[in-house]
Every structure is written in C-alpha cells, then in structure tokens.
Amino acid sequence: MQTLISTGQKRAVTLQMLQQGAQGFDGKIAADAKLGQGFVFTPVSEGAPVQHIVLTGATGFLGVHVLAALLRNGGPRITCLTRAADNDTALQRVLEALAKTGAEGLNLSGLQVLAHDLSRPVQDTPGLLPRIAQADTIINCAARVNFTDRYIQARGANVMSLRHLLHLASLGMRMHHVSSVAVFSPHAFNRCEVTEDTRPRIGAFSAAQGYCQTKLAAELMLHEAERDGLQNTIYRPGLIGWDSQTGHGNPADFLTHFITGSIRIGALPDIGIRLSIAPVDYVAGAIVGTVLHGTSEAEALHLVGEHALSMRELADELSKAGAPVALVPYETWLARIDADTESPLKALSLLLPPDFPLCPAARTPSLLDSMAADSGPRLSDHITRAELSKSRPPQTGQGLNFQDFLKRALT
Ligand SMILES: NC(=O)c1ccc[n+]([C@@H]2O[C@H](COP(=O)([O-])OP(=O)(O)OC[C@H]3O[C@@H](n4cnc5c(N)ncnc54)[C@H](OP(=O)(O)O)[C@@H]3O)[C@@H](O)[C@H]2O)c1
C-alpha cells in the first residue's frame, strides 16, 4: 500500500537526518584541507606580465563573464579547462555559453579550450599537461554550486579539484581562487564583523550545508599553500546577480529560483532576510582587473552588493518591473511553494526550516540564516571597494537592472 506523506513531514525528516549527519564532518574538512607532502611552490616574479591564463568554470555563470571580460581586454592567451568528451565539444560548450551572454565581436584568436574534469588530476588527461605547464596564472571559477548537496557530493569538484590545481600552480603559477562569503558560518560568526582579513574557521555548519563546507575546506587548503609560498588571491562573492547591462542571469541559481518561484505564487516571505546582490559584471570585472592590473594586499576581496535588499525593497523592485508580489507570513509563503508543483524552489524548499525567524541553536542551520538581517556575520567590503577604486575602477556592474533580468527570466 502506498503511504502518502506531506511535504511538511518530508521536510521534518530531511532536516532531522541532516542534523544527525552533521556529526564528524569537521574532522573530514580539517583532513581534506591539509595540503600534505609534495608541494613546493616555485616563486612567481612580482610584476611579471600575465601571458597565459588557465581558466576553469568557463561554461558557468561567473566563469563565462570572466572569460568575456578577459577577451574584451585582449592580451594574455587563455586556456579553458572544461568538462567534455573531447576538445571540440569542450570548445563548443564554451562558445555556446559566451553566445548566451550576448557578448559580441570578441577576438578569440588567443583562446584554446581543452577537455578536462577537474575532479581528476591533470596528468589523467592525456596530452594536457604540456599544453598548460608554461601558464603563469590560474583563475579558478569552477565549482559544483548546489545548496542541496552534502559535503561528499561536492568534495570532488570543490576540494579535490583545488588540490589538483595546486599541483599545477606549483610549477610557477599565481592562483586566483573564487571562494564565497558562505565560508563564514552564520552561527560561528553570528553578529561578528567579517572583513577581507578575517579567516574562516571550521565548525557550526550542518550537513545541510555541504556546499559551504567544501568552499571552507578549499579556502583553508589555500591558506596552507600560501604558507608554503603560493601566490594567491581569494575572491569571496556574496549572491552573484544578473548582468547589470543586459539582464543576463543564471537560470539555474538560487537567486533566479527564489525570485521566479516567488513571482509564480505572487508572494515573498515577510521575513528579516536581506539579499546582497552583486551584478556578475561587477564581480567578473573586479576579478579580471585584479588579475591583470594588480595584486591585493588583503587576505581576500569581498565582492558583494552595494546595498542588501530587504523583502519589502525586493517586492517594490519587482512591482516596478511589472511583477507585483505581496509580502505574506513565512509559513504561508512556504505552504504556497509546497503547493506549486512546478516551483523552481521545490528541491531547495525541503531544506528551508519550517520555523523561521531564527532559533539557530535549536535547529539545523539553513541557507536563510546566512541572509538574516539581524544575525549572522556582519560582512564588510570597505577594503575591496577602496582597492578597486584606486587602481582598477569597475566600468560596469552598478545598479540592478530588474527590468531586463525579468524579461529574460520569465520567458
Ligand atoms: N553564483 C553565486 O551566487 C556565487 C556566490 C558566491 C560564490 N560563487 C562561486 O563562484 C564560482 C562560480 O559559480 P557559478 O555561479 O558561476 O557556478 P555555475 O554557473 O554552476 O558554474 C560552475 C562551473 O564549474 C564547472 N565545473 C563544475 N564541476 C566541474 C568539474 N568537475 N570539472 C570541470 N568543471 C567543473 C561547471 O562546468 P559544467 O558546465 O561542465 O558543469 C561550470 O563551468 C564558484 O566557485 C562558486 O562557488 C558563486
């Protein structure tokens, strides 16, 4: 006989399982973050021009904007490492991603795209190493970005991949690694000021936050590598939003799902979270500017929105852009999401606590905690904005172009 259980019951079981599964993971993260033997980093001479960049994640949302910004700038050769059966298919995938951004007239003569799965060592792909061994720079934009992952599901793409790239970097390359503000656990850093020089630490993530745990393990590994001589810049974006010029967004990310899922039910949750959205062209521009024109004195750069939107402000923006939504109690919003069989928030909603506002000590930490307005880390980007405005002011990425984003996202 088939047993019918409600979404609410499924949610309770899922959250309980994740809470139990959290135990023991801190040790795993610490072990994975250890660099271990066999890494000797050849120094890169300061001020040497960037001539050959290895770029990962170029079929992804941020990576393709980084690639477009690099190509617009001209100059260095670029080799993309992209998952595919062969190099031709890999090139095809990157060109398709570029076309979706709407970037036109790019000079592709210095671009090569090679097939490689980053969860495997570079040596496992025949013929790859000789084609990239002379590169001087790695920009690592690749990651498995899925907020429903457990640690173990994202470990290959987000942690082991970095270890393999560090072997490559040890040949004499400077590393630019895209991390995330999600490395700061909202509970461990509750109400703490977090600047670019704050180091994240292990602890207080739940098993529901496998993605955050892998990003943390990767950052900790990089700090060890820095001690051993790696030249490295870490970028910590918050929520990466659509392109401020074109409205090109990522149809598969949390932000698009949250906004389109809420528009479908005509409602936003009336809760104290804030969305700090940084346009992808701002994030990509800051990374490319730093790679080409300067190194950073700070431990990391924080690439977050100029202003964090409350749910009221988001509702106003959506109404102005022609998609009116009402603010409703959180429980009502969640129940409407549950009832919408086509909701893009379906998978994620199982991980949303039934009892927001926060009671963090008592229950499984969730994605929403990192956006809570009156708790969690107090993130600052003063050093980043000062550095960017001094030496490499972003040309784009100001303001959120809801109109064009919605036109694209809702069709
Ligand atoms: N999006 C955000 O709001 C946000 C916020 C903070 C930080 N970040 C960070 O920014 C970076 C880029 O994120 P995104 O939003 O652009 O993600 P995305 O759109 O999902 O792109 C991820 C990229 O990584 C590649 N990748 C994943 N696993 C791989 C593997 N095993 N081998 C080779 N390539 C692999 C993907 O290739 P395929 O096309 O083959 O899958 C894709 O190109 C990530 O490091 C992410 O953690 C993102």
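Please list ARG227, ARG264, ARG163 from largest to smallest accessible area, probe radius 1.4 Å, with all protein chains kept in place. Walk me through the numbers on the way to the answer.
On the way: ARG227 170, ARG264 130, ARG163 45 Å².
Ranking ARG227, ARG264, ARG163 by accessible area, largest first, yields ARG227, ARG264, ARG163.
Tell me the per residue accessible area of the chain using a 1.4 Å probe; a whole number in Å² is fine.
Details: 17650 Å² over 411 residues.
Accessible area per residue, the chain: 43 Å².
For a protection proxy built on the mean count of beta-carbon atoms within 10 angstrom, sort 339-346, 45-52 highest first, please. Don't jump to the answer; show the numbers that get you there.
Working: 339-346: 14.1, 45-52: 11.1.
For the peptides 339-346, 45-52, the packing ranking is 339-346, 45-52.
By a straight-distance test (C-alpha under 12 Å), which aspartates and glutamates pair with LYS100 as possible cross-link partners, with residues fewer than eight away in the same chain excluded?
ASP243
Of CYS192, CYS80, CYS141, which has the most accessible area and how do the rest follow, probe 1.4 Å? Walk me through the numbers on the way to the answer.
Values: CYS192 50, CYS80 0, CYS141 25 Å².
The most accessible residue leads, giving CYS192, CYS141, CYS80.
Whole angstrom only: what separates the Cα centroid of the range 23-99 from the Cα centroid of the range 158-231?
Cα centroid to Cα centroid, the span is 16 Å.
Taking the Cα-to-Cβ direction at ASP340 and at HIS382 and moving 7 Å from each Cα, how far apart do the two end points lie in nm?
Going from the ASP340 label point to the HIS382 one covers 4.0 nm.
For LYS346, give me every one of the aspartates and glutamates with a C-alpha distance below 17 angstrom, ignoring sequence neighbours fewer than eight places off in its own chain.
ASP149, ASP253, GLU331, ASP338
Between ALA85 and SER109, take the C-beta separation as r, use R0 = 30 Å, and let me know the FRET efficiency to the nearest 0.05.
On the way: r = 25 Å, r/R0 = 0.83.
That pair, ALA85 with SER109, gives E of 0.75.
Pop out the carbon and sulfur fraction of the accessible area of the range 293-356 as a percent, whole number, probe 1.4 Å. Let's see the in-between values first.
On the way: 1540 of 2860 Å².
Looking at the range 293-356 in its full context, I get 54 percent from C and S.
Straight-line reach from LYS34: which aspartates and glutamates have Cα under 15 Å away, leaving out those fewer than 8 places along the same chain?
Excluding near neighbours in sequence, the set is ASP26, GLU219, GLU224, GLU226, ASP228.
Please give the FRET efficiency for ARG201 paired with ALA347, using the beta carbon to beta carbon distance and R0 = 35 Å, rounded to the nearest 0.05. Before the final figure, lay out the partial values.
Details: r = 29 Å, r/R0 = 0.84.
After rounding to 0.05, the efficiency reads 0.75.
Just to be sure I understand the model, the point goes 7 Å from the Cα along the line to the Cβ. What's the resulting LYS320 to GLN51 distance in nm?
Using points 7 Å along Cα→Cβ, the separation is 4.9 nm.
Counting each DSSP H run of 4 or more residues in the chain as -39500 (n - 2.57), what helix-only mean residue ellipticity at 222 nm follows after dividing by all residues, to the nearest 500 deg cm²/dmol?
Details: 15 runs with 157 residues, N = 411.
Calculated mean residue ellipticity at 222 nm is -11500 deg cm²/dmol.
Roughly how many percent of the accessible protein surface of the range 135-176 is carbon and sulfur, given a 1.4 Å probe and a whole-percent answer?
Ligands and nucleic acids excluded, carbon and sulfur reach 48 percent.
The values are calculated or read from the model by the stated rules, or taken from the named source; none is laboratory data. Being a predicted model, the structure only gives us computed values, none of them experimental. Don't worry about glycine lacking a Cβ; one is built from the backbone with ideal geometry, like all the others, and counts go over all protein chains shown. All accessible areas refer to the heavy atoms of the entire protein, side chains included, with ligands and DNA or RNA removed. Shrake-Rupley method; radii C 1.70, N 1.55, O 1.52, S 1.80 Å.
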